[in-house]
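The values are calculated or read from the model by the stated rules, or taken from the named source; none is laboratory data. Quantities reported herein were computed from a predicted structural model and do not represent experimental measurements. Neighbour counts run over all protein chains shown; Cβ positions are idealised from the backbone, glycine included. The accessibility values were calculated without ligands, DNA or RNA, using every heavy atom of the protein model including side chains. Shrake-Rupley method; radii C 1.70, N 1.55, O 1.52, S 1.80 Å.
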Amino acid sequence: MDHGAAGVFAGCGTGEFHALGLTEYAAVVRAARAGIAGRAPLIAGVGGPLGHALDVARTAEELGADGLLVMPPYLVQGPQAGLIAYVAAIARATALPLIVYHRGAAQFTPVSLRALLELPTVVGLKDGVGDVALMQRMVLEARAAGRELLFFNGLLTAEMSQSAYAAIGVPRYSSAVFAMAPDIATAYFRADRAGDTAARDRLLDGFYSPLVALRDETPGFAVSLIKAGLRLQGRPVGSVRPPSSIRHRRSSIGSARSCVGGGSSRRDPESRGSARGGEPGPLLREVRTRVVRIPLTRPWGDDVREVGVVVVDVRDEHGAVGHGFSWTPTIGLRAVQALLEDDVAPFAVGRPIDAALWRSCWERVHEAGGAGVTTIALAGLDLAVWDLRARRAGVGLPELLGRRHDRLPAYGSGVNLHYPLEDLVAQARRWVGQGFRAVKIKIGKPDLAEDVDRIAAVREVLGPDRALMVDANQRWDLARATDAAAAIERFGIRWLEEPLRADDTSGYAELARRTSIPIAQGENLHTLYRFRDVLDAGAAAIVQPNVVRVGGITPFLEIAELARERGVELAPHLLPELSAQLAFALPGTAWVEDVEEARFADLGALTAPTGVLVEDGWVSGGPSLGLGLRFA
């Protein structure tokens, strides 16, 4: 907007409308609306199967879009009357003005254009076909009908053909390049409007023609190029979604870099990244750490009255900053800080902030152990790097990752094995009063009968419709876990968490065969490899990665994808102010754990609210920028 865009098409072709679910689409429109801030019209995409198109149209209207770009229906090659009926159905579903996209399976004729003009909310036609003679007839037809229709050149890289379109009365065009290189797109626009053919031709020859040559290498490569150009500028926009693809030929990447304008001033890709890391990012220049100890309002036991955090702050070569943390309730806080300062930071500083950074650092410290203190330390750096990326993009973490959920179910959780029965029952009543539809309590008393009594008392408070989870925190061996599972099955247990030592994969697999209660574990699994081993063994129905213990957001997302591939449920462990942000970006619904009075904000540990809200048993919201977690 700072470069003077007259309007914004959001969630359309370059925005990969075809690949967006309704929740993602809503997030795109919402983010665009916030970024535009009323400075220009927001035109949102609509199309595909008619039912979906109507849902999308209503959603866009509710979210404050100013108009809709009607893209082709899905697959169907309908007659002209069918295409008119498709647009008319969308027009009836919303009061928003419509711009009809003439392309693909929705190509109109001058005769059908006249029928479109009878729909009062159709205000424009965007050409994506490239038949200039046909478009000239369309323009003349609209004039003859007395309608002031807005015509747009909507071809891929429209600048290459805009002179021809302007000559037939189509002065407007949409520019995907504007999303990647606004300075270049603006320079072309000014040269074209001023009639400066020399400047215009220099831009066409030096930038647009090479870009078109790259675009034409692969079908659907146009969007890939825009995203590649943004990544070259350090913006973590991710790759395209199927069926679009991007070809990672060195010549293509090098040409794209030259097109974006970085050419001679940037290092060779080999010196700024690796084959695993994709496009290089800015160099990491500084890592700082400090220890913060946070007293617990409700101690987790006689020996756990505070939790420890190693705050990690980073700065890149351009001065951008990011803030992360490592976390451990009781053991190893100083060891984590020492590993960060003595080994992780010296290795990471001077390296590009890209997808290869986490793996490179993990391989560096693997000599000290592939998991545990090493992954907890790496989490501090990884969280800070993701915060930096989100800040640089001007969005919160869920939006950077691609938010899929506006809210998710939360469950009340208590570190309460040491509570007397009356205190446990009172806690369960508080959870019910706060609207939680599921709760989790600790079990593992020396006397199994006492566990059964405590579960029975909580179940009575919850009633039959609320879910009840139990967590033994690795207190049993296989024989005791088998007896306990048999004793508590009758209470309708949603899952039995960590009944055995996390290292005992074969024991978990055997217990899963012996009980009907789903087995949950993962808070003490620290790597993708361990999660894979557990799932290969059939040792868990629910996986519970802790984002800090596994090493940060980077490995957490890999573990989440593994769980999705294997068809098992994922429920992130603790840290709801961060775990919820990750869960918002996952394709499935995940329960978010909320330990009573243990959120960092509740403990007074943060300088400002995170924006993550837990209300009436649901978690929603999120930070406006980065992770939103700044420790006092």
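A few notes on this one:
- Matching residues, segment 479-509, being of a type outside the set (Val, Ile, Thr), more than 18 Å from residue 525 (Cβ to Cβ) and open to solvent by 20 Å² or more (accessible area, probe 1.4 Å): 479, 480, 483, 486, 487, 489, 490, 491, 492, 494
- In segment 287-307, the residues that are farther than 11 Å from residue 328 by Cα and buried (at least 20 other Cβ atoms within 10 Å of the Cβ): 287, 289, 300
- In segment 530-552, the residues that are over 21 Å from the mean Cα position of the chain (by Cα) and touching a residue at least 12 places away in the same chain (Cβ under 8 Å): 530, 531, 532, 533, 534, 535, 537, 538, 539, 540, 541, 542
- All helices (runs of 4 or more DSSP H) inside segment 374-470 with 3 or more residues being open to solvent by 20 Å² or more (accessible area, probe 1.4 Å), at pLDDT 95 or above and closer than 20 Å to residue 496 by Cβ: 448-462
- Positions within segment 315-328 being open to solvent by less than 30 Å² (accessible area, probe 1.4 Å) and closer than 30 Å to residue 296 by Cβ, in sequence order: 322, 323, 324, 325, 326, 327, 328
- Matching residues in segment 596-632 - criterion: being among the aliphatic types (A, V, I, L, M), part of a strand (DSSP E or B) and open to solvent by 10 Å² or more (accessible area, probe 1.4 Å): 606, 612, 613, 614
- Any hit, segment 33-43, residues being under 18 Å from the mean Cα position of the chain (by Cα) and modelled with pLDDT under 90: yes
- Criterion applied to 185, 158, 191, 181 was being more than 21 Å from residue 103 (Cα to Cα), open to solvent by less than 40 Å² (accessible area, probe 1.4 Å) and in contact with a Ser or Thr (Cβ under 7 Å, 6 or more places away or on another chain), and the one residue passing it is 185.
- Residue identified as in contact with a Pro (Cβ under 7 Å, 6 or more places away or on another chain) and either over 28 Å from residue 184 (Cβ atoms) or among the acidic types (Asp, Glu) (or both) among 21, 78, 64, 47: 47
Residue by residue, here is whether (1) under 27 Å from residue 394 (Cβ atoms); (2) at pLDDT 90 or above holds:
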residue	(1), (2)
244	yes, no
250	no, no
257	yes, no
274	no, no
293	no, yes
306	no, yes
312	yes, yes
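- Looking at 336, 310, just one residue is of a type in the set (Val, Ile, Thr), outside any strand (DSSP E or B), open to solvent by less than 10 Å² (accessible area, probe 1.4 Å) and touching a helix residue (DSSP H, G or I) at 6+ places or on another chain (Cβ under 7 Å), and that residue is 336.
- Tally, over segment 344-373, of residues that are free of Cβ contacts under 8 Å to residues at least 12 places away in the same chain, in a helix (DSSP H, G or I) and either in contact with a Ser or Thr (Cβ under 8 Å, 6 or more places away or on another chain) or open to solvent by less than 40 Å² (accessible area, probe 1.4 Å) (or both): 1
- Counted residues, segment 103-130 - those being in contact with a Pro (Cβ under 6 Å, 6 or more places away or on another chain), in a loop (DSSP other than H, G, I, E, B) and at pLDDT 95 or above: 1
- Of all residues in segment 544-552, none satisfies being touching a Ser or Thr at 6+ places or on another chain (Cβ under 7 Å), among the aliphatic types (A, V, I, L, M) and open to solvent by 10 Å² or more (accessible area, probe 1.4 Å).
- Sub-7 Å Cβ pairs linking a first residue in segment 195-207 that is modelled with pLDDT of 85 or more to a second residue that is among the hydroxyl-bearing types (Ser, Thr, Tyr), at least 6 apart or interchain, are 200/188; 203/188, ordered by first then second residue.
- Residue within segment 513-528 that is in contact with a Phe, Trp or Tyr (Cβ under 7 Å, 6 or more places away or on another chain) and open to solvent by 20 Å² or more (accessible area, probe 1.4 Å) present: yes
- Inside segment 136-168, residues that are of a type in the set (Lys, Arg) and assigned to a helix (DSSP H, G or I) make up a count of 2.
- Subset of segment 485-504 [out of contact with any strand residue (DSSP E or B) (no Cβ under 8 Å at 6 or more places or on another chain) and either at pLDDT below 95 or in a helix (DSSP H, G or I) (or both)]: 486, 487, 489, 490
- Close pairs from segment 434-457: first in contact (Cβ under 8 Å) with a residue 60 or more places away in the chain, partner surrounded by 20 or more Cβ atoms within 10 Å (Cβ to Cβ) and hydrophobic (A, V, I, L, M, F, W, C), Cβ under 6 Å, at least 6 apart: 440/469
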